[in-house]
1. Any chance you could list the semi-axes, whole Å, largest first, of the equivalent ellipsoid that the Cα gyration tensor gives for the range 164-220, using √(5λ)?
2. For the chain, what is the accessible area per residue in Å² when the probe is 1.4 Å?
3. How many percent of the alpha carbon pairs in the range 102-253 exceed a separation of 23 Å?
4. For an R0 of 51 angstrom, estimate the FRET efficiency from the Cβ-Cβ distance between E432 and S354 and round to the nearest 0.05.
5. Please state, as a whole number in µm²/s, the translational diffusion coefficient that the Stokes-Einstein equation yields for the chain at 20 °C and 1.002 mPa s, with Rh defined as the Kirkwood radius across alpha carbon pairs.
6. How would you classify the range 381-481 from its alpha-carbon gyration tensor, with a ≥ b ≥ c the square roots of the eigenvalues: rounded for a/c under 1.5, else prolate if a/b is greater than b/c, otherwise oblate?
7. Between R632 and D214, what is the FRET efficiency for a Förster distance of 45 Å, r being their Cβ-Cβ separation, to the nearest 0.05?
8. Past 20 Å, Cα to Cα: identify those pairs from K83/K438; K136/K268; K483/K529, in the order given.
Amino acid sequence: MTFLTRLSAVCLTSALCLLALPEAQADDQAMRRALDAARHHQWSSINQQGIKGHALEGYIEYHRIKQQLPALAPDQTLAFINKYQDSPLSEWMRSVAIGAYGRAGRFQALRDISLATPPGGAERQCYFYRAWLTQKPDMAVEGARTLWNVGRSQDNACDPLFNTLLSDGRLSQQDIWHRLTLAKEAGNDSLANYLAGRLNSGWEPAITAYHQIDQSPDAIAHLSVARFSRPVAGALYTTAFHALTRKDTRKALALWQQLSPKAPLDSKQRHDIEHDLAFYTLVRGHTDNIAQVDRMLPQLSDSDLFELRVRVALEQRAWGQVSHWVQQMAPDQRDDARWQYWLARAQQQLGQPSQALEHYQKAAGQRSFFGFAAADHLGVPYSLEQDARDTPPASMNSIMALPAIQRINALERIGETGLARSEWSYLIDRSEPNDVYKLAHYALSRQWYELAVFTSIKTREWDALHWRFPPAHASEFGAWGQKRDVSPWLLMGIARRESAFNPRAQSPVGARGLMQLMPGTAAHVSRQKGIAYEGVDSLMTPSVNIALGSAYISDMLHRYSGNRVAAVAAYNAGPGRVDRWLMGGTQPFDLFVESIPFRETREYVQAVLAYQAIFESLAKGSTRDVVMLTPRERQVDYDRSMLVNR
């Protein structure tokens, strides 16, 4: 059976694939033109008769009503909201109307359409709480205080709300001081100076002390804080140690030993200071202070600190410490395959084979990189932990009849995939579990693979593997994998991790498409390999993105002699960094992965390689003969010897 045949079997053997696809409506093009016109308020260009009765007619109505705000009567706005309760249009309209009525000072109208439910966004929230300040003061003041207690400036719309509460004392001088400390901690000096000006003369000693600490955090050692109230003194301490710990962790730790017994701090402030001290000591590799940190860790009992402490012990090959600190973790953290694996490795190194076997077996029962690594060690098949909800439902009629599904199909037909995704998300949020199950399989039947993945993530259905790992863009991955001599499962694992199979995904730094290629990388690969590339927008085309992405990972595989661990790390972090990591010493595969200094890359490598094994297992219908890593990848030394093809 060929790769494509196996990969397609998930769909072709399902009754869902026999569902009749919704036919394009004759007026879809009219709706496409109408929606473009509505967005530009070109109402005379809209063929009303041509879009009458169309599933997306509400989108035109939305833009019309939006333009009429804030003059529109609230009952008309509310009528639209109620008409489209099953669509995000209702919440979008409510939010837009709150902003429009708020800016116009129409607070009664705002109350009429808000249902006392706060909107998103600081500007709209401030209008909302102003409108409800007299009718629902407790709710409004609580919301206003949340907006106040941040270290950044808020929207100007918040000023009247804050000024009202400051003038009547519901925001106190202590509240001003607290926000000042937040602003200084965030490096927002202009806001801090403004707030200092709002404090009365009785606060001058505190402000003076604060400026001293700002200039020199270790001044806290000589500052007499007994004259201040406990909240003020506590703020001075937390501010000083926040700055000093980041500037000079060793000095901060020594000073904390001196001052902590009498420090005027509540339990949270004390915990936060000690967490910072432990965190930066471990991250910065200050092993000379590790004994002091070790005394703090059991009382702090923070999962991130235990993780860091174990990683330090692994770096030192201190297997007794690895075992000790894994066993200090809370059960839900300790039972994860990652830590069961390292506990097994430690006990194996310590000459405790029976205990090691027990923990390898616990790890091997989980679906993850370290679970699969444990299974490889034991020579047993991988555990997929697959849910019965992967089985398609017998009937989809109730789902296909939903107005929301009709809108989603129509939006997909006219190319409004972003709006379709919003409708889908809104529908999933308001559906019962059995309907979510049907919706996920409906998405698979329509080859809306990114929506199936989105559903599994949104509903935390981690064991519904066909939702999480669908056979998306199978023909392109198969063809380019064969052409580049790269496993199609690896390509799919990369795309699944990079974009969750959303071909229009774009990262904050500009990476685009299924395999999240940077435009510069794409242009370089295009020139080097002679692959057609027509600019940034073409990266949203799956075939183009996969062609370029498969060529790039192929280059990385060649660079590291076919080693997927190093190649996948380079795909994420860049080959220059991976070269430096490999030159740092000789390590086995598991310690190399655990020693990757960037959390993002460390988790990325583990995810992609585990996803590759899952895709292959699902397509074959079994984990038998599926290996996450080859024997050579598991046994080779990860060091400078891997760099021969640079």
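The values are calculated or read from the model by the stated rules, or taken from the named source; none is laboratory data. Here the structure is a predicted model, which means the values were calculated and not measured. Cβ placement follows ideal geometry from the backbone for every residue including glycine, while neighbour counts extend to all protein chains displayed. Calculation scope for accessible area: heavy atoms of the full protein, side chains included, ligands and nucleic acids excluded. Shrake-Rupley method; radii C 1.70, N 1.55, O 1.52, S 1.80 Å.
1. 21, 12, 8
2. Averaged over the residues of the chain, the accessible area is 45 Å².
3. Tail fraction, whole percent: 45.
4. Values: r = 47 Å, r/R0 = 0.93.
The calculated FRET efficiency here is 0.60.
5. Values: Rh = 29.1 Å.
It comes out at roughly 74 µm²/s.
6. Oblate.
7. Calculated transfer efficiency: 0.20.
8. K83/K438; K136/K268
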